[in-house]
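> Quick one: structure below, then a few questions.
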Amino acid sequence: MPLVAAAVCPHPPLIVPELAGAAAPELDDLRAACDAAVAGLLDSGAHRIVVVGDGPGTRSYGFPFHGSLAPWGADVQVCVGSPRPDRPDPLPLSLTIGAWLLRRSPTGPSSVARMHSLAPDADPAECAALGGGYRSDVDWGLLVMGDGSACRGPKSPGYDDPRAEAYDDAVARALADADAEALLDLDPALSAELKAAGRAPWQVLAGAARAAGGEWRGELRHYSAPYGVAYFVASWERV
(Lines give C-alpha, C1' and ligand atoms only; values in the text may rest on other atoms or scores of the structure.)
Protein backbone atom coordinates (compact mmCIF):
# COMPACT_ATOMS: atom_id res chain seq x y z
CA MET A 1 0.00 0.00 0.00
CA PRO A 2 1.29 3.50 -0.76
CA LEU A 3 2.10 6.50 1.34
CA VAL A 4 -1.09 8.55 1.71
CA ALA A 5 -0.02 11.48 3.90
CA ALA A 6 2.92 13.05 5.69
CA ALA A 7 3.59 15.60 8.39
CA VAL A 8 6.82 17.57 8.74
CA CYS A 9 7.81 18.93 12.16
CA PRO A 10 10.99 20.28 13.79
CA HIS A 11 12.53 18.86 16.92
CA PRO A 12 13.77 21.63 19.24
CA PRO A 13 13.93 20.35 22.82
CA LEU A 14 12.26 23.58 23.97
CA ILE A 15 9.02 22.53 22.28
CA VAL A 16 8.51 20.40 25.41
CA PRO A 17 7.15 22.77 28.08
CA GLU A 18 9.00 21.03 30.91
CA LEU A 19 12.28 21.97 29.25
CA ALA A 20 11.27 25.48 28.23
CA GLY A 21 10.06 26.55 31.66
CA ALA A 22 8.95 30.19 31.68
CA ALA A 23 9.84 30.47 27.98
CA ALA A 24 7.30 27.80 26.98
CA PRO A 25 4.74 30.34 25.64
CA GLU A 26 7.31 31.55 23.10
CA LEU A 27 6.77 28.32 21.14
CA ASP A 28 3.00 28.05 21.59
CA ASP A 29 2.38 28.75 17.89
CA LEU A 30 4.95 26.16 16.82
CA ARG A 31 3.54 23.59 19.23
CA ALA A 32 -0.01 24.20 17.98
CA ALA A 33 1.09 23.88 14.35
CA CYS A 34 2.82 20.57 15.12
CA ASP A 35 -0.27 19.28 16.90
CA ALA A 36 -2.41 20.22 13.89
CA ALA A 37 -0.03 18.54 11.44
CA VAL A 38 0.10 15.34 13.50
CA ALA A 39 -3.69 15.35 13.88
CA GLY A 40 -4.05 15.72 10.12
CA LEU A 41 -1.67 12.81 9.57
CA LEU A 42 -3.59 10.58 11.95
CA ASP A 43 -6.92 11.58 10.40
CA SER A 44 -5.70 10.94 6.85
CA GLY A 45 -6.65 7.28 6.73
CA ALA A 46 -3.11 6.09 7.36
CA HIS A 47 -3.22 2.98 9.53
CA ARG A 48 0.50 2.83 10.22
CA ILE A 49 2.92 5.65 10.94
CA VAL A 50 6.63 5.62 10.19
CA VAL A 51 8.77 8.28 11.89
CA VAL A 52 12.07 9.44 10.39
CA GLY A 53 14.59 11.95 11.72
CA ASP A 54 18.29 12.68 11.94
CA GLY A 55 20.55 10.77 14.29
CA PRO A 56 24.15 9.71 14.81
CA GLY A 57 23.74 6.88 12.28
CA THR A 58 21.36 5.37 9.78
CA ARG A 59 19.38 2.65 11.50
CA SER A 60 15.91 1.42 12.41
CA TYR A 61 14.41 1.29 15.88
CA GLY A 62 11.88 -1.41 16.67
CA PHE A 63 8.92 -1.36 19.02
CA PRO A 64 8.78 -0.50 21.90
CA PHE A 65 10.30 2.96 21.54
CA HIS A 66 11.97 4.91 24.33
CA GLY A 67 13.68 8.27 24.45
CA SER A 68 14.83 10.60 27.20
CA LEU A 69 15.16 14.37 27.33
CA ALA A 70 17.43 14.27 30.37
CA PRO A 71 20.48 15.33 28.30
CA TRP A 72 18.62 18.56 27.51
CA GLY A 73 17.83 19.45 31.09
CA ALA A 74 14.65 17.68 32.23
CA ASP A 75 14.01 14.09 33.23
CA VAL A 76 11.22 13.60 30.71
CA GLN A 77 10.91 10.01 29.52
CA VAL A 78 9.03 9.43 26.28
CA CYS A 79 7.82 5.89 25.76
CA VAL A 80 5.67 4.23 23.13
CA GLY A 81 4.99 0.77 24.49
CA SER A 82 6.45 -0.67 27.68
CA PRO A 83 10.26 -0.36 27.85
CA ARG A 84 12.10 -3.68 27.66
CA PRO A 85 15.57 -4.44 29.04
CA ASP A 86 16.58 -6.04 25.73
CA ARG A 87 15.92 -2.75 23.90
CA PRO A 88 18.38 -0.47 25.73
CA ASP A 89 19.18 1.96 22.91
CA PRO A 90 17.37 5.28 23.43
CA LEU A 91 15.96 7.19 20.52
CA PRO A 92 17.90 10.21 19.23
CA LEU A 93 16.44 13.64 19.88
CA SER A 94 14.54 13.91 16.61
CA LEU A 95 12.67 10.64 17.12
CA THR A 96 12.13 11.34 20.82
CA ILE A 97 10.36 14.60 19.96
CA GLY A 98 8.42 12.76 17.25
CA ALA A 99 7.24 10.22 19.81
CA TRP A 100 6.40 13.06 22.22
CA LEU A 101 4.24 14.75 19.58
CA LEU A 102 2.45 11.49 18.78
CA ARG A 103 1.81 10.82 22.46
CA ARG A 104 -0.09 14.10 22.66
CA SER A 105 -2.76 12.44 20.50
CA PRO A 106 -4.93 9.67 22.01
CA THR A 107 -4.52 7.50 18.91
CA GLY A 108 -1.01 8.45 17.82
CA PRO A 109 1.26 6.04 19.68
CA SER A 110 -0.73 2.92 18.85
CA SER A 111 -0.21 3.40 15.12
CA VAL A 112 3.59 3.75 15.10
CA ALA A 113 5.10 0.89 13.14
CA ARG A 114 8.72 1.92 12.81
CA MET A 115 11.20 4.67 13.60
CA HIS A 116 14.26 5.30 11.48
CA SER A 117 17.20 7.66 11.94
CA LEU A 118 19.38 9.05 9.17
CA ALA A 119 23.06 9.88 9.49
CA PRO A 120 23.87 13.53 8.76
CA ASP A 121 25.89 12.52 5.69
CA ALA A 122 23.33 10.08 4.29
CA ASP A 123 23.37 10.19 0.50
CA PRO A 124 20.26 11.68 -1.15
CA ALA A 125 19.78 8.55 -3.27
CA GLU A 126 19.98 6.41 -0.12
CA CYS A 127 17.38 8.59 1.58
CA ALA A 128 15.05 8.46 -1.42
CA ALA A 129 15.45 4.69 -1.65
CA LEU A 130 14.57 4.31 2.01
CA GLY A 131 11.37 6.29 1.55
CA GLY A 132 10.47 4.53 -1.66
CA GLY A 133 11.27 1.09 -0.33
CA TYR A 134 8.93 0.98 2.64
CA ARG A 135 6.16 -1.55 2.13
CA SER A 136 2.97 -1.97 4.14
CA ASP A 137 -0.16 -4.05 3.78
CA VAL A 138 -2.23 -0.99 4.75
CA ASP A 139 -2.12 2.70 3.84
CA TRP A 140 0.64 4.39 5.78
CA GLY A 141 1.77 7.85 6.78
CA LEU A 142 5.12 9.47 7.45
CA LEU A 143 6.10 11.80 10.29
CA VAL A 144 9.25 13.63 9.23
CA MET A 145 11.30 15.32 11.94
CA GLY A 146 13.85 17.90 10.87
CA ASP A 147 15.13 21.41 11.56
CA GLY A 148 16.28 23.86 8.91
CA SER A 149 19.50 25.84 8.99
CA ALA A 150 21.01 26.76 12.34
CA CYS A 151 22.81 29.83 11.00
CA ARG A 152 20.12 32.52 11.09
CA GLY A 153 21.88 35.34 12.88
CA PRO A 154 24.95 35.96 15.08
CA LYS A 155 23.35 34.30 18.12
CA SER A 156 22.37 31.13 16.27
CA PRO A 157 24.06 27.80 17.11
CA GLY A 158 26.00 27.90 13.83
CA TYR A 159 26.63 31.65 13.83
CA ASP A 160 25.46 33.83 10.98
CA ASP A 161 25.66 32.60 7.40
CA PRO A 162 24.26 34.80 4.61
CA ARG A 163 23.22 31.70 2.65
CA ALA A 164 20.93 30.39 5.38
CA GLU A 165 17.80 32.43 4.72
CA ALA A 166 17.72 31.62 1.00
CA TYR A 167 18.23 27.93 1.79
CA ASP A 168 15.37 27.92 4.29
CA ASP A 169 13.09 29.87 1.97
CA ALA A 170 13.67 27.23 -0.72
CA VAL A 171 12.81 24.45 1.73
CA ALA A 172 9.66 26.31 2.77
CA ARG A 173 8.57 26.61 -0.87
CA ALA A 174 9.24 22.93 -1.52
CA LEU A 175 7.22 21.90 1.52
CA ALA A 176 4.36 24.26 0.65
CA ASP A 177 4.25 23.00 -2.94
CA ALA A 178 4.80 19.29 -2.12
CA ASP A 179 7.77 19.50 -4.47
CA ALA A 180 9.63 16.22 -4.02
CA GLU A 181 12.21 17.01 -6.70
CA ALA A 182 13.19 20.28 -5.00
CA LEU A 183 13.80 18.43 -1.75
CA LEU A 184 15.87 15.79 -3.53
CA ASP A 185 17.97 18.58 -5.05
CA LEU A 186 19.06 19.89 -1.64
CA ASP A 187 22.85 19.78 -1.53
CA PRO A 188 24.21 17.62 1.33
CA ALA A 189 27.41 19.67 1.60
CA LEU A 190 25.62 23.02 1.83
CA SER A 191 23.05 21.53 4.20
CA ALA A 192 25.85 20.32 6.48
CA GLU A 193 27.58 23.71 6.40
CA LEU A 194 24.31 25.35 7.41
CA LYS A 195 23.67 22.65 10.04
CA ALA A 196 20.27 21.78 8.53
CA ALA A 197 19.35 18.59 10.37
CA GLY A 198 16.26 17.99 8.25
CA ARG A 199 17.91 17.48 4.87
CA ALA A 200 18.10 13.67 4.94
CA PRO A 201 14.63 13.11 6.50
CA TRP A 202 13.05 15.50 3.97
CA GLN A 203 14.64 13.47 1.19
CA VAL A 204 13.12 10.30 2.64
CA LEU A 205 9.75 12.03 2.33
CA ALA A 206 10.54 13.00 -1.26
CA GLY A 207 11.44 9.42 -2.15
CA ALA A 208 8.29 8.06 -0.54
CA ALA A 209 6.06 10.57 -2.31
CA ARG A 210 7.73 9.93 -5.65
CA ALA A 211 7.34 6.17 -5.24
CA ALA A 212 3.66 6.55 -4.28
CA GLY A 213 3.02 8.53 -7.45
CA GLY A 214 -0.03 10.63 -8.15
CA GLU A 215 -0.55 14.26 -7.28
CA TRP A 216 0.34 15.71 -3.89
CA ARG A 217 -0.97 18.78 -2.11
CA GLY A 218 1.22 20.60 0.40
CA GLU A 219 0.41 23.03 3.19
CA LEU A 220 3.05 25.03 5.03
CA ARG A 221 1.60 25.46 8.51
CA HIS A 222 4.53 27.26 10.16
CA TYR A 223 7.90 28.77 9.26
CA SER A 224 10.00 30.71 11.74
CA ALA A 225 13.54 31.00 13.12
CA PRO A 226 13.05 32.22 16.69
CA TYR A 227 16.43 31.09 18.06
CA GLY A 228 18.47 31.29 14.88
CA VAL A 229 17.25 27.85 13.77
CA ALA A 230 14.62 27.46 11.07
CA TYR A 231 11.52 25.50 12.03
CA PHE A 232 9.04 24.22 9.45
CA VAL A 233 5.69 22.51 9.97
CA ALA A 234 3.96 21.15 6.89
CA SER A 235 1.39 18.64 5.77
CA TRP A 236 1.40 16.63 2.54
CA GLU A 237 -1.65 14.76 1.29
CA ARG A 238 -2.03 12.50 -1.72
CA VAL A 239 -4.79 13.91 -3.91
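> Leaving out ligands, DNA and RNA, and with a 1.4 Å probe, what % of the accessible surface on the stretch 27-132 is carbon or sulfur?
On the way: 2440 of 4660 Å².
The computed percentage sits at 52.
> In Å², what does the accessible area per residue of the stretch 1-99 work out to with a 1.4 Å probe? It would help to have the intermediate numbers written out before the result.
Values: 4110 Å² over 99 residues.
For the stretch 1-99, the solvent-accessible area averages 42 Å² per residue.
> So what J values fall out for the stretch 120-134 if you push phi through Karplus, 6.51 cos²θ - 1.76 cosθ + 1.60 with θ = phi - 60°, rounded to Hz, Gly and Pro as x?
Running phi through 6.51 cos²θ - 1.76 cosθ + 1.60 with θ = phi - 60° gives x, 9, 4, 5, x, 5, 5, 5, 4, 5, 4, x, x, x, 6 Hz.
> Mind giving me the FRET efficiency for Ser110 and Leu19? R0 is 41 Å, r the Cβ-Cβ distance, nearest 0.05 is fine. Working shown, then result.
Values: r = 26 Å, r/R0 = 0.62.
It comes out at approximately 0.95.
> Let me ask you something else. Explain nothing, just the number: dipole magnitude of the chain about its Cα centre with +1 on each Lys and Arg Cβ and -1 on each Asp and Glu Cβ, in debye rounded to the nearest 20.
Numbers: 19 positive and 30 negative charges, 136 e Å.
So the magnitude is around 660 debye.
> Lys/Arg Cβ at +1, Asp/Glu Cβ at -1, dipole of the stretch 81-226 taken about the Cα centre: which of Gly141, Leu190, Gly158 is farthest positive-ward?
Positive-most Cα among the choices belongs to Gly141.
> At 222 nm, what value in deg cm²/dmol follows for the chain if DSSP H runs of at least 4 each add -39500 (n - 2.57) and the sum is divided by all its residues, to the nearest 500?
Details: 8 runs with 79 residues, N = 239.
When only DSSP H runs of four or more count, the value is -9500 deg cm²/dmol.
> Note the listed values (i) 1, 6, 11, 13, 12, 9, 6, 4, 4, 5, 7, 7, 6, 5, 3, 1, 0; (ii) 1, 6, 13, 17, 19, 18, 13, 8, 3, 1, 0; (iii) 1, 7, 15, 20, 22, 18, 11, 5, 1, 0, then indicate which one is P(r) over Cα pairs in 5 Å bins from 0, in percent calculated from this particular structure.
It is the one labelled (iii).
> For the stretch 117-239, what does the accessible surface come to per residue with a 1.4 Å probe? Please give it in Å². Please report the intermediate quantities before stating the final value.
Numbers: 5190 Å² over 123 residues.
Ligands and nucleic acids excluded, the figure is 42 Å² per residue.
> Could you order peptides 137-145, 121-129, 37-45 by the average number of other Cβ atoms within 10 Å of their residues, highest first? Don't skip to the end; give the middle numbers.
Details: 137-145: 23.0, 121-129: 17.7, 37-45: 20.0.
Per-residue mean Cβ counts within 10 Å order the peptides as 137-145, 37-45, 121-129.
> In sequence order, what are the phi-derived ³J(HN,Hα) couplings for the stretch 74-82 according to the Karplus relation 6.51 cos²θ - 1.76 cosθ + 1.60 with θ = phi - 60°, rounded to whole Hz, with x for glycine and proline?
Whole-Hz 3J(HN,Hα) from phi for the stretch 74-82: 8, 7, 9, 9, 10, 10, 10, x, 7.
> Rounded to a whole number, what % of the accessible area of the stretch 161-204 do carbon and sulfur atoms account for, probe 1.4 Å? If you can, show how the numbers build up before the last one.
Details: 900 of 1770 Å².
In the stretch 161-204, the share of accessible area belonging to carbon and sulfur is 51 percent.
> Also, quick follow-up: Show me the ranking of peptides 95-103, 195-203 by mean Cβ neighbours inside 10 Å, starting with the highest.
Working: 95-103: 24.1, 195-203: 28.2.
Going by the mean number of other Cβ atoms within 10 Å, highest first, we get 195-203, 95-103.
> Then there is this: Could you sort 66-73, 51-58 so that the peptide with the highest average Cβ count within 10 Å comes first and the rest follow in order?
Highest-to-lowest ranking by the protection proxy: 51-58, 66-73.
The values are calculated or read from the model by the stated rules, or taken from the named source; none is laboratory data. In this text the structure is predicted, and so the values were computed from the model without any measurement. Glycine gets a Cβ as well: all are built from the backbone with ideal geometry, and neighbour counts include every protein chain shown. Surface accessibility is based on the protein's heavy atoms, side chains included, excluding ligands, DNA and RNA. Shrake-Rupley method; radii C 1.70, N 1.55, O 1.52, S 1.80 Å.
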